[in-house]
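A.B. asks: Please find one structure pasted underneath; my questions will follow.
Bear in mind that the values in this text are calculations on the coordinates, not laboratory data. Predicted model, so just to flag it, every value in this text is computed and none were measured. Quick reminder, even Gly has a Cβ in these numbers, built from the backbone with ideal geometry, and neighbours come from all protein chains shown.
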Amino acid sequence: SIKFVISGHVNGSSYLINNIDDDGDGIVDRSVLQLLTNFQEEECLLGASFFRIIGLDFLNNYMYFNIYSPYYKDYDIFVNDNIEDVRKTSSFYYAFDLKNCGYGLLTDYFG
């Protein structure tokens, strides 16, 4: 079953957590984290982009999300539009059971 949707190509940064009842019994069976990150269209960054960093904390069962620019060597992004939304969603923790998970990463392209 799907646990994450990670995407880009729409300028900005945001996330949404959907609680899903797979069997229709009124009880949430799983949560799906939808994550969007893309800063390549920010004119103020002069073509340098920020990348999404995903950390796994197996001891505390958390995933940690942040952004980083290797060009600016900085985690603090500066954008012209929706600055408060971008800052609020650029760095956060997500509780996720990482024990006995048997999960892997499936993708058709890294570039």
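A.B. asks: List every residue whose amide H lies under 5 Å from the amide H of Phe96, counting only residues 5 or more places away in sequence or on a different chain, with H placed 1.01 Å from N in the peptide plane.
C.D. replies: Tyr62, Met63
A.B. asks: Tell me, what is the FRET efficiency for Asp25 and Phe4 to the nearest 0.05, using R0 = 25 angstrom and their Cβ-Cβ distance as r?
C.D. replies: Working: r = 24 Å, r/R0 = 0.95.
Efficiency, from the Cβ-Cβ distance: 0.60.
A.B. asks: Per residue of the range 28-38, what does 6.51 cos²θ - 1.76 cosθ + 1.60 with θ = phi - 60° give for ³J(HN,Hα)? Whole Hz please, x for Gly and Pro, Karplus curve as stated.
C.D. replies: 5, 8, 6, 10, 10, 8, 9, 10, 10, 8, 6
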